[in-house]
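Written below as C-alpha cells is the structure these notes are about.
Throughout, read-outs are computed from the coordinates displayed, never taken from laboratory work. Just so we're clear, the structure is a prediction, and the values are computed from it rather than from any experiment. Every residue, glycine among them, receives a Cβ derived from its backbone with ideal geometry; neighbour counts consider all protein chains shown.
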C-alpha cells in the first residue's frame, strides 16, 4: 500500500508541471487560436461564432464549420503586419547585440572580481528589479526628453548647442530594451564564466597566447552557452515588447506588440489581434527550439 | 634505447663543481600579503635533470613552479634559465611548458587540436604541425583517439593528452604540477616509469611538484624537500632516505623510529647515546654531535629485526611485547611495545611462504638493529 502511494506520489511530481502547462499555457493558447479563426462582430464577446454547449454536439459542429483562416490571409495581404514583424525582429536583434556588447564585459569583470565582492556585484545587477519595470521606463523619459537630464548635462558640459532628439526614436527603444533586459544577459554569461576553470586560460598563455588571444581562443568559446542563453532571454521578450516602444518609441515606430495592442483595444478586432499573437508565437518558437538544442548539447558536453 | 641504469649511474652534474646550472633560483622570496609562500630560497637545477619539489600542501612548491612558468613574479630575488634572468618575461614568451594538475585540456577542442594549440600559436606551417601532432600522439600512444573530445576520454588518457600538449612545443623545461595525482594507484605506478623513459628519450629537463614521496623517489634524480617556503634538503632519493639532514626530512619521507637522547661517549667507533627512556644506543656515526649534545637516533623499520630471542651480535637490542601485526603480503609490519609504553615499528620481508616460529600477539620479543643501521640527527 505504502509502495503504491510512493509510486503514485512520484508520478504526481511529474504531473504537476504538465498540469501547469496545460492550464496556463495550452488552454489559453487554444482559446486565442479559436478566436483567431473567428469573425469580428458587434457583440459581447466581439466575435462569432461562440461555442454554446447548450446547443449540443450538432450546434458545436455547426459552429466549428463557421471557422475561417481569413484573418491569417489578411495579415499577409496588408503590408503593415509583415513590416511590423520584420521591424520587431530587427529591433530585438539590434538590442540583443547591444546588450551583449554591454553585458559581456560586465559579466567578465564580475567573474574576475575577488570572490568576496562577487555577491555584492551580483546584488547590484539584480537591484533594479526592486523597482517597478514601468516606473523605470518612465524614468527614462525624464532622462531622454529634449529638456531632460541627459541634454541638460551635455549642455552643462558644453558638448552640444541644441538638444539631442532621442526620445520617441528607435534609439530610445534600444536604450530602453538594453537597460531593461541587461540582467538577463549578464547573469547567464556570468554563471558560465564564473564556473570556468581559470587554469584553462593559464594553459593557453603557457602555450604561447598573449592574454587577448587566450580570451578569444579559450574564454569566449567556452562562454558560448551563456552567450546563447543570455541572447535568447533578451531577444525573445524583446520581439513582443510593448511597454518600451509605446513609452519611448515614436509614432513611426513599428513593433508587433504595439500593433497587437492597437488591434485589440483601438480597433476592437479580437480575431485579427489573436492571429497576430499566434503568428508571433510561431516566429518565437524557432529561436526557443534552437536555444533548447544548444542547451541540450552543452549539457551533454558537461560544460 | 640504452638502459636507463647505465645513463643514470653516470648522471650527477650536481657533484661536478664545474657544471653550469640550467635553472637557478637565487634568494627568491614570494609573499602574498603578509604570508611568505617562498622565503629567500636558492636552488640550482641542471640540464636533463628530473627534479622533484616535494612537500606538504602549502609548503610553497607550487608557487615555485608557477614562478618558473611566469604566472607569478618573485617579490625578491631572481630566477635564471640558461643564465638569463626571467623577470618580466610573460608566460607566453618563456621556453617552458607546464602540465597542469587539472590537465586544463580545452574542452571545446579535439585531442589533436589540443596538442596542436601551441604550435598553431607559433605559426608553424600546417604540414609540420600535422607531423608533430602525429609524433606526439604516437609518443603517448593515443593515435586512435586523435579526434575525440577530452570528455570522451578516461582519466589516464586525459593525462597523456596533457603531457603530449605540453611536450609538443619542445620546451627547454617541462613543469609538471602533481602530474599523477588524479590517477589510481596502479596506473600511477605505470605512468611514473613511462614519464622517466620519456624524459630520458627526449633529453629534457623536468621539474615536478608532488606531495607523494614515493612518486618523487621513483622518478627524480634529485629531490628538494620543502617546508614553509624553504628548502630543507636537496639530495638524491637514496640520500634523502638513508641520510636525512633533519628530523623533518626523516619523518616526512618514509616511516621512521625516532629516539631522543644525549651523547654520552664519543670515540672512533662512533657514539653512545643515553636515550631518554634509559636505553644506551650505539651509533656508528655521530656526525657533528659532541658529548652532552641533544641528538635524535633515527632508524627505518626495515632495518629493525624482530626475534623471539635476544640476537647475540646486535649493536642494539631491546625487549618488548608484540602489540600489533599487519600482514601486507610482501612484508609484515610489527609494532613492538617497549616496557615504557613506546612503540617501535619493524618490517620483515616475507621471503618464504611459511614462517615457522612466527611471533604472535602479546609474545615477548626482541627488537634489534646494527650500530650503522640508523642515523644520528642533531636538528
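Across the alpha-carbon set of the stretch B:65-132, the Rg to Rh ratio works out to 1.05, Rh being the Kirkwood radius.
Dividing the convex hull volume of the Cα atoms of chain B by its residue count, what figure in Å³ per residue is obtained? Don't skip to the end; give the middle numbers.
On the way: hull volume 72.9 nm³, N = 379.
Taking only Cα atoms, chain B has a hull volume of 192 Å³ per residue.
Counting only alpha carbon atoms, the long axis of helix A:270-301 and the longest principal axis of chain A meet at about 40°. Shape analysis of the stretch A:212-303 places it in the oblate category; the axes a ≥ b ≥ c from the Cα gyration tensor give an a/c of at least 1.5, with a/b not above b/c.
Take peptides B:38-45, A:21-28, A:51-58 and line them up by average Cβ neighbours within 10 Å, highest first, as a rough protection proxy. Before the final figure, lay out the partial values.
Values: B:38-45: 19.5, A:21-28: 10.5, A:51-58: 8.8.
Those peptides, ordered most packed to least, come out B:38-45, A:21-28, A:51-58.
Above 15 Å, the calculated P(r) of the stretch A:138-205 contains 66 percent of its Cα-Cα pairs.
As I understand it, the value is the acute angle between the Cα axis of helix B:126-139 and the longest principal axis of the Cα atoms of chain B; what does it come to in degrees, rounded to 10? So the helix axis and the longest Cα principal axis differ by about 20 degrees.
Computed per residue of chain A from DSSP H runs no shorter than four, each worth -39500 (n - 2.57), the mean residue ellipticity at 222 nm is -22500 deg cm²/dmol.
Helix B:111-121 and the longest principal axis of the C-alpha atoms of chain B enclose an angle of approximately 70°.
Considering only the Cα atoms of the protein assembly as shown, their convex hull presents on average a projected area of 52.3 nm². Can you figure out the FRET efficiency of residue B:202 with residue B:71, using R₀ = 30 Å and their beta-carbon distance, to the nearest 0.05? Efficiency computed from Cβ-Cβ geometry: 0.80.
Our analysis of the stretch A:51-113 gives Rg over Rh at 1.46, with the two radii drawn from alpha carbon positions and Rh computed by the Kirkwood formula. Taking the number of Cβ atoms within 10 Å of each Cβ as an exposure proxy, the fewest-first ranking of A:199, A:38, B:166, B:267 is B:267, A:199, A:38, B:166.
Summary value for the stretch A:78-301: 29 percent relative contact order, contacts being C-alpha pairs under 8 angstrom separated by 6+ residues. Let's test the formula: R0 of 41 Å, r as the Cβ-Cβ distance of residue B:130 and residue B:32. What FRET efficiency results, to the nearest 0.05? Result of the calculation: an efficiency of 0.45. Computed over chain B, the per-residue total of -39500 (n - 2.57) for DSSP H runs of n ≥ 4 gives a 222 nm mean residue ellipticity of -7000 deg cm²/dmol, rounded to 500.
Determine the equivalent ellipsoid of the stretch B:255-377 by diagonalising the alpha-carbon gyration tensor, then write out the semi-axes as square roots of 5 times the eigenvalues, largest first, rounded to whole Å.
Listed largest to smallest, the semi-axes of the stretch B:255-377 are 28, 14, 12 Å.
Counts of other chain beta carbons within 10 angstrom of each beta carbon in peptide B:114-122 average 4.
For peptide A:112-122, the mean count of partner chain Cβ atoms within 10 Å of a residue's Cβ comes to 0.
Averaged over peptide A:214-224, the number of partner chain Cβ atoms lying within 10 Å of each residue's Cβ comes to 2. Paramagnetic label reach from residue A:198 (point 7 Å along Cα→Cβ; backbone nitrogen cut-off under 12 Å): within the stretch A:79-122, residues A:111-116. The stretch A:44-100 and the stretch A:183-247 have their alpha-carbon centroids 36 Å apart.
With the simple model of a label 7 Å out from the Cα in the direction of the Cβ, residue B:264 to residue A:294 spans 8.2 nm.
Quick one: Kirkwood hydrodynamic radius for the stretch B:63-209, alpha-carbon pairs, angstrom, one decimal? Don't skip to the end; give the middle numbers.
Working: mean 1/r = 0.0627 Å⁻¹.
Across the stretch B:63-209, the inverse of the average 1/r is 15.9 Å.
Both the radius of gyration and Dmax for chain A are 24.7, 83 Å, in that order, over alpha-carbon atoms. Its residue count N sets the reference 2.2 N^0.38 Å, and the alpha-carbon radius of gyration of the stretch B:1-144 equals 1.26 times that reference. In this simple spin-label approximation, residue A:216 and residue A:133 carry label points 7 Å from Cα along the Cα→Cβ vector, and these lie 3.7 nm apart. Applying 1/(1 + (r/R0)^6) with R0 = 41 Å to the Cβ-Cβ distance of residue A:15 and residue A:55, what FRET efficiency is obtained, to the nearest 0.05? Step by step, r from the Cβ atoms, then E = 0.75.
When peptides A:229-235, A:126-132 are sorted by average Cβ neighbour count within 10 Å, with the highest value leading, the order is A:229-235, A:126-132. In whole percents, the pair-distance distribution calculated for the stretch A:173-266 from its alpha-carbon pairs, binned every 10 Å from zero, is 15, 32, 22, 16, 10, 4, 0. Note on residue A:224 and residue A:43: the model spin-label points, each 7 Å out from Cα along the C-beta direction, lie 5.5 nm apart. State whether the stretch A:1-128 is rounded, prolate or oblate according to the following rule on the C-alpha gyration tensor (a ≥ b ≥ c being the square roots of its eigenvalues): a/c under 1.5 gives rounded; otherwise a/b larger than b/c gives prolate, and the remaining case gives oblate. It comes out oblate by the Cα gyration axes. Across the alpha-carbon set of the stretch B:159-215, the Rg to Rh ratio works out to 0.93, Rh being the Kirkwood radius.
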